[in-house]
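The values are calculated or read from the model by the stated rules, or taken from the named source; none is laboratory data. Predicted, not measured: the structure shown is a model, and the values here were computed from it. Glycine gets a Cβ as well: all are built from the backbone with ideal geometry, and neighbour counts include every protein chain shown.
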Amino acid sequence: MGLNMVKLSGYILTVLSVVFASSAVACEGIELDRGDVFNAPLCIPETPARVVVLDPSFGLGVGLDVGLPVVGAPLEMMSDEALHKRAVEHDITSTGFVTEPSLETIVALQPDLIIGFVGSESVASGIYPMAARVAPTLLFTSTDWREFYRLLASLSGKEQEVADALDTLDQRIADIKARMPDTTVSVLRITSWDFQVYLDAPETYAPFEIMKQAGVRRSAYETTDDPSLALKRPDREELAQLDGDILLYIVGGTNASDQDGRHAEVLSDPLWKMLPAVRSGQVHRVSHGTWMQFSGIASAHRVLDDLEAYVVGAP
């Protein structure tokens, strides 16, 4: 009996290995086998017809930019009004809030591809099992938003258009860098519950990467060579270390920080009023939609607009 069971187990394993090998070979679409795609190799449709994106920033913005047929996205509480308007104009159905999407809505949309810009393996591992039960799921685990553009462009045949748009962006960055004054810039995000400082770091959030590429010099407190450090959460007293000649600040994002009184409370604080940029009148509020829901090339140009207006054009 034991021998028979061993033989049976061996037979089952052989059959399963053949089935799985056949499944791998039988991909009738595009097989993505790359390190920045979760659970690769991944078989996805060659020409997706109904795409649901899981994030209202890169997934939605880049998806629309490259012409993918996006039918669903988490549009609730979006802070980028321009991108939200584009989504509405494309008749995209809201799947809810980004951290609490409606699985029922996603299923009802009958997607043949689900896409998410998640930025890490750990985040992807929590999303993939459920999403992959609905449709092939492409989760991008790198933070390289330019590479994400190139990947999605390859699905829609827009590779050259994206390459040209990125070249134009780089030319503008180089032009602004050549005119960047020798001054220091601090950037602070104010939320209902804390302060956030996105750093000039080897691995940092896209708008701050663009600042670095454009030659903006941040304060010592906001600069690091540590690849594992991208964000600081200073307490009230530590705000004094934001001693840049110019201060850009962001209020909120996908929350109510710009409506609950926290913003006014901070701006009336004596410690805030003592910051060098505040004392000299070089303090400017910038759009949370642009800076905290960065969604691609259009957002990059709006970041550069702010740098030209408030840093390059500073008196």
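Selection over region 54-105 of residues that are of a type outside the set (S, T, N, Q), part of a loop (DSSP other than H, G, I, E, B) and more than 16 Å from Ser156 (Cα to Cα) gives a count of 13. I'd like to know if region 225-234 contains one or more residues that are within 17 Å of Ser287 (Cα to Cα), at pLDDT below 95, out of contact with any strand residue (DSSP E or B) (no Cβ under 9 Å at 6 or more places or on another chain) and in a loop (DSSP other than H, G, I, E, B). Within region 225-234, none of the residues are within 17 Å of Ser287 (Cα to Cα), at pLDDT below 95, out of contact with any strand residue (DSSP E or B) (no Cβ under 9 Å at 6 or more places or on another chain) and in a loop (DSSP other than H, G, I, E, B).
Any residue at all in region 266-275 that is part of a strand (DSSP E or B) and in the same structural domain as Arg189 (by the TED database)? No, because not a single residue in region 266-275 is part of a strand (DSSP E or B) and in the same structural domain as Arg189 (by the TED database).
Check whether at least one residue in region 208-224 is over 20 Å from Gly313 (Cβ atoms) and at pLDDT below 95, and report yes or no. No, region 208-224 contains no residue that is over 20 Å from Gly313 (Cβ atoms) and at pLDDT below 95. Hey, any hits in region 203-210 for a residue that's surrounded by 20 or more Cβ atoms within 10 Å (Cβ to Cβ), assigned to a helix (DSSP H, G or I), in the same structural domain as Gly35 (by the TED database) and in contact (Cβ under 8 Å) with a residue 60 or more places away in the chain? Checked region 203-210: no residue is surrounded by 20 or more Cβ atoms within 10 Å (Cβ to Cβ), assigned to a helix (DSSP H, G or I), in the same structural domain as Gly35 (by the TED database) and in contact (Cβ under 8 Å) with a residue 60 or more places away in the chain. Taking the condition in the same structural domain as Val216 (by the TED database), at pLDDT 95 or above and either in a helix (DSSP H, G or I) or in contact with a helix residue (DSSP H, G or I) (Cβ under 6 Å, 6 or more places away or on another chain) (or both), does Val278 pass? Judged against the criteria, Val278 is a match. Looking across region 282-297 at every residue that is more than 17 Å from Arg189 (Cα to Cα) and crowded, with 19+ Cβ neighbours inside 10 Å, the one that is farthest from the chain's Cα centre (by Cα) is identified as Gly296.
So in region 266-277, with the set limited to residues that are over 12 Å from Phe195 (Cβ atoms) and under 30 Å from the mean Cα position of the chain (by Cα), which one is surrounded by the fewest Cβ atoms within 10 Å (Cβ to Cβ)? For region 266-277, the residue satisfying everything is Leu267. As a summary of the residue check, Val185 satisfies the conditions (1) within 15 Å of Val283 (Cβ to Cβ); (2) under 20 Å from the mean Cα position of the chain (by Cα) except for the one numbered (2). Can you find a residue that is at pLDDT 95 or above and farther than 30 Å from Ser142 by Cα anywhere in region 246-265? Yes: one or more hits.
All of Thr143, Thr137 fail the test of being surrounded by 14 or more Cβ atoms within 10 Å (Cβ to Cβ), within 15 Å of the chain's Cα centre (by Cα) and assigned by the TED database to the domain that holds Val62, apart from Thr143.
Conditions (1) assigned to a loop (DSSP other than H, G, I, E, B); (2) on the phi < 0 side of the Ramachandran plot; (3) touching a Cys at 6+ places or on another chain (Cβ under 6 Å), marked per residue:
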| position | (1), (2), (3) |
| --- | --- |
| Cys27 | yes, yes, yes |
| Arg34 | yes, yes, no |
| Asn39 | yes, no, no |
| Glu46 | yes, yes, no |
| Val52 | no, yes, no |
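Filtered by the rule that a residue be surrounded by fewer than 24 Cβ atoms within 10 Å (Cβ to Cβ), in contact (Cβ under 8 Å) with a residue 40 or more places away in the chain and among the charged types (D, E, K, R), region 56-108 gives Asp65, Glu81. Looking at Glu100, Glu159, just one residue is charged (D, E, K, R) and under 22 Å from Met77 (Cα atoms), and that residue is Glu100. Considering (1) assigned by the TED database to the domain that holds Gly126; (2) among the aliphatic types (A, V, I, L, M); (3) exposed (fewer than 12 other Cβ atoms within 10 Å of the Cβ); (4) at pLDDT below 95, the lone condition that Ala21 does not fulfil carries the number (1). Within region 148-165, does at least one residue satisfy the condition of being more than 16 Å from the chain's Cα centre (by Cα) and outside any helix (DSSP H, G or I)? Yes, region 148-165 contains a residue that is more than 16 Å from the chain's Cα centre (by Cα) and outside any helix (DSSP H, G or I). A single entry from Thr191, Thr184, Thr168 fulfils the requirement of being among the β-branched types (Val, Ile, Thr) and without any contact (Cβ under 8 Å) to a residue 12 or more places away in the chain: Thr168. What single numbered condition from (1) surrounded by 17 or more Cβ atoms within 10 Å (Cβ to Cβ); (2) part of a loop (DSSP other than H, G, I, E, B) fails to hold for Trp193? Answer for Trp193: the failing condition is (1).
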